[in-house]
Amino acid sequence: MLEIALPIGFGLIVVALVLNLYRLLRGPTLPDRALALDTMYINAIALIVLYGIANDSKLYFEAGMLIALIGFVSTVAVAKYMTRGDIIE
Amino acid sequence: MRKLLPFPLLSLFLWLTWLLLNGFSWGHGLLGLVLAVVLPLGTRPFWPNVPHLRNFPKLVRFVLVVHWDIVTANLAVARLILGSPRKLRPAFVELPLELEDDFAITLLASTISLTPGTVSADVSEDRRTLLIHALDMDDEAELVAQIKQRYERPLKEIFEC
Amino acid sequence: MDTLVEFLVSAAILVGGVFALVGSFGLARLPDFYLRLHGPTKASTLGVGGTIFASLLFFSWQEQALQLQELLIVLFLFITAPVSAHMLAKAAMHRQLRRREDTRGRPWKQ
């Protein structure tokens, strides 16, 4: 059962990532692109967790955690830059 | 005791996080314990007014309610997204806040954003009003009443008298 | 592997995938920024939540011991996702992004 569910899960998330990429390229505004990137990193975490299940390895957990940390900080930095024109005041 | 552990819950949380990250063993238990005592002491000045947890069972209940709402609201919003975008009735709503504690307001805003269908967009300078964007709003008074009754009142009981 | 656990893991993977896709679909299709903002909250809650639950169950079963590490990712996302959504909304209001005409109420001046 898992042999069927895993590829479907991969497929769903890859399509989701492609949709995010569409929004990232299409824009039209800067906040839209930042939002697309934000969603992309969240979907990337889901993809990596699935990959961990497929490879039967727990190492990928740490990669997921790191993406979560870096993604959050970068989204906040970009959002802050857009409101203030500066990141650290 | 109060001096050594200014925020007992934060310490417990840090300790459990450390154990989850590094695996359960005696060595990490001890190291985590040291960190759980030292970190809150070091960050003490960053917390000007400490929120006091008054009602722990209510907090557990609140967390469960929020998780349940996340699941049900996700289903509702999935239907909205897949349906025609023309039928959506988006709106900006101002929610008058009764909470006074910053931490409690943060929790309320996060809860509103986590349950799909509503996103908190801004807090006024005087911390009296919260600006919310709703994906599909039927009636403003109804939405405000629902948020107040379901999230704000429990939070008020948890953190303030 | 026990059939029941395998079934639950598969179901969680599918639920997670479907919700991540629906969230991203919303991001790609909804007409204005404030509406699009609602998509990712779904992806970060039930989308990642579903896959993490699957992974939790899978490894707990594999090693015959409760593995809760993955919960940290969900916990972290639950704390941070509302914050980034809030910051992006503020940025959008600051730039006075166009909103759909029939939006009731108005954003605040930043």
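Inclusion of A:Ile67 among residues that are more than 8 Å from chain C (Cβ to nearest Cβ), in a helix (DSSP H, G or I) and under 10 Å from the mean Cα position of the chain (by Cα) is warranted. Take the residues in region A:1-11 that are touching a Phe, Trp or Tyr at 6+ places or on another chain (Cβ under 9 Å) and open to solvent by 30 Å² or more (accessible area, probe 1.4 Å); name whichever of them is nearest to A:Leu47 (Cα to Cα). In this case the residue turns out to be A:Phe10. Summed over region B:58-84, residues that are open to solvent by 30 Å² or more (accessible area, probe 1.4 Å), within 11 Å of chain C (Cβ to nearest Cβ) and either touching a helix residue (DSSP H, G or I) at 6+ places or on another chain (Cβ under 6 Å) or not hydrophobic (A, V, I, L, M, F, W, C) (or both) total 4. Each residue in region B:89-121 was checked for being open to solvent by less than 70 Å² (accessible area, probe 1.4 Å) and farther than 17 Å from B:Leu143 by Cα, and 5 pass. With respect to the conditions (1) within 23 Å of C:Leu77 (Cα to Cα); (2) open to solvent by 10 Å² or more (accessible area, probe 1.4 Å), C:Pro31 lacks only one, and its number is (1).
Restricting attention to region B:98-109, does a residue exist that is within 26 Å of B:Pro154 (Cβ to Cβ), out of contact with any Ser or Thr (no Cβ under 9 Å at 6 or more places or on another chain) and of a type in the set (Ser, Thr, Tyr)? Checked against the condition, which is being within 26 Å of B:Pro154 (Cβ to Cβ), out of contact with any Ser or Thr (no Cβ under 9 Å at 6 or more places or on another chain) and of a type in the set (Ser, Thr, Tyr), region B:98-109 yields at least one hit. From the list C:Phe53, C:Phe19, C:Phe58, the lone residue that is under 19 Å from A:Ile45 (Cα atoms), within 7 Å of chain A (Cβ to nearest Cβ) and open to solvent by 10 Å² or more (accessible area, probe 1.4 Å) is C:Phe58. Checked against the criteria, C:Ser55 does not count as at pLDDT 85 or above, out of contact with any helix residue (DSSP H, G or I) (no Cβ under 6 Å at 6 or more places or on another chain) and within 21 Å of A:Gly64 (Cβ to Cβ). Residues in region B:71-84 that are more than 24 Å from C:Lys90 (Cβ to Cβ), without any contact (Cβ under 8 Å) to a residue 40 or more places away in the chain and not in a loop (DSSP other than H, G, I, E, B): B:Val71, B:Thr72, B:Leu75, B:Ala78, B:Arg79, B:Leu82.
Can you confirm whether region A:21-31 contains a residue that is small (Gly, Ala, Ser) and part of a helix (DSSP H, G or I)? No, the conditions are met nowhere in region A:21-31. Note on region B:19-69: among residues that are β-branched (Val, Ile, Thr) and in a helix (DSSP H, G or I), the one that is nearest to B:Pro6 (Cα to Cα) is B:Val37. Contact map, region C:96-110: residues that are at negative phi paired with residues that are among the charged types (D, E, K, R) and part of a loop (DSSP other than H, G, I, E, B), Cβ distance under 7 Å, separation 6+ or inter-chain. Pairs shown: C:Arg98/C:Asp32; C:Arg99/C:Asp32; C:Arg100/C:Asp32.
Looking only at residues in region C:1-16 that are assigned to a helix (DSSP H, G or I), of a type outside the set (A, V, I, L, M, F, W, C) and closer than 17 Å to A:Asp56 by Cβ, the one that is nearest to the other protein chains (Cβ to nearest Cβ) is C:Ser10.
The values are calculated or read from the model by the stated rules, or taken from the named source; none is laboratory data. What you see is a predicted model; the values in this text were computed from it and never measured. All Cβ positions, even for glycine, are placed from backbone atoms using ideal geometry, and neighbour counts span all protein chains on display. These accessible areas exclude ligands, DNA and RNA; they are computed on the full protein's heavy atoms, side chains included. Shrake-Rupley method; radii C 1.70, N 1.55, O 1.52, S 1.80 Å.
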